[in-house]
């Protein structure tokens, strides 16, 4: 694969770069993760793949799952979805209540927790069994039927989901969500607990590098217009209030999760996933961002 030497060089230069952050502490099951683990996988549209590091280890994708649920909702609802959630960067913490009060229950974008809860609420209207549908969507996009929820992590998140419950209840008071709060939170915590490795994660995002079409199956996942707009949202909102700096340093649409994963796409060419559990103060993998910055610098290509 053409990117093999570049990725290997980056991995070797960063594999000892630990101790600069902390694994997520507010979810007990995540606090137990070995912080030194590190893996990178690249997949291109010609079918080439390359992985290095702890690539056999699975991690919970957490907020990266918001991209999948957004794709599912957008496929059915189109522009109607934006009546209930915005498309602007938040500039605040991913679980902040402040903007909801100021903006009368409409979340700023679908990648902060409040926005993702709205999307999950929409899926409850679209699917009889939304948890099953989400898993099937992810499995189909990465070509691996051995993708499951991590029950331990889901349970841990449910036990400490006080703020998400508050967000959902606050939005319900404005009529932004309609379904039972307990069920919304259950589905949301489970979707965040989906476990993947960097290779399956990178494969699952190739449809966004390919105009909405899964290159492995040649099946259209979302309209090309939707894929373009999802990439735009990832670029502007995908790393919470670090999205601007990520765009500056990396120059790719991307999405992070507090499990330490980051996945990014270079439209028309490839997707790349990195996993390193230690997080910076913004809740993003600091080594993951460093990896992606070096990658686009070394290959000399970004969306800019």
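With a cut-off of at least 3 residues that are surrounded by 14 or more Cβ atoms within 10 Å (Cβ to Cβ) and touching a residue at least 24 places away in the same chain (Cβ under 8 Å), name the helices (runs of 4 or more DSSP H) lying wholly within region 79-149.
So the answer is 113-126, 130-142.
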Selection count, region 9-21, where residues are more than 16 Å from residue 296 (Cβ to Cβ), touching a residue at least 12 places away in the same chain (Cβ under 8 Å) and exposed (fewer than 14 other Cβ atoms within 10 Å of the Cβ): 2
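Being at pLDDT 95 or above and crowded, with 19+ Cβ neighbours inside 10 Å is the requirement here; does residue 30 meet it?
Details: at pLDDT 95 or above: no; crowded, with 19+ Cβ neighbours inside 10 Å: yes.
Considered against the rule, which asks whether it is at pLDDT 95 or above and crowded, with 19+ Cβ neighbours inside 10 Å, residue 30 comes out as no.
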Residue in region 174-190 that is touching a residue at least 12 places away in the same chain (Cβ under 8 Å) and touching a strand residue (DSSP E or B) at 6+ places or on another chain (Cβ under 8 Å) present: yes
Of all residues making up region 90-127, the number that are in contact with a helix residue (DSSP H, G or I) (Cβ under 8 Å, 6 or more places away or on another chain) and on the phi > 0 side of the Ramachandran plot: 2
Tabulated pairs, region 227-253, first on the phi > 0 side of the Ramachandran plot and modelled with pLDDT of 95 or more, second assigned to a helix (DSSP H, G or I) and crowded, with 18+ Cβ neighbours inside 10 Å, C-beta under 7 angstrom, 6+ apart or interchain: 251/296
Verdict on residue 40 being in contact (Cβ under 8 Å) with a residue 60 or more places away in the chain, surrounded by 17 or more Cβ atoms within 10 Å (Cβ to Cβ) and in contact with a helix residue (DSSP H, G or I) (Cβ under 9 Å, 6 or more places away or on another chain): yes
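Tell me, please, whether a residue that is farther than 23 Å from residue 74 by Cα and surrounded by fewer than 24 Cβ atoms within 10 Å (Cβ to Cβ) can be found in region 222-242. Steps first, answer last, please.
Filtering region 222-242 down to residues farther than 23 Å from residue 74 by Cα leaves 241-242.
From what is left, the residues that are surrounded by fewer than 24 Cβ atoms within 10 Å (Cβ to Cβ) are 241-242.
Scanning region 222-242 turns up at least one residue that is farther than 23 Å from residue 74 by Cα and surrounded by fewer than 24 Cβ atoms within 10 Å (Cβ to Cβ).
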Given (1) modelled with pLDDT of 95 or more; (2) closer than 28 Å to residue 195 by Cβ; (3) over 19 Å from the mean Cα position of the chain (by Cα), number of the condition residue 160 does not satisfy: (1)
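The values are calculated or read from the model by the stated rules, or taken from the named source; none is laboratory data. Owing to the predicted nature of the structure, the values given are computational and were not obtained by experimental measurement. Every residue, glycine as well, gets a Cβ built from its backbone with ideal geometry; the counts of neighbours run over all protein chains shown.
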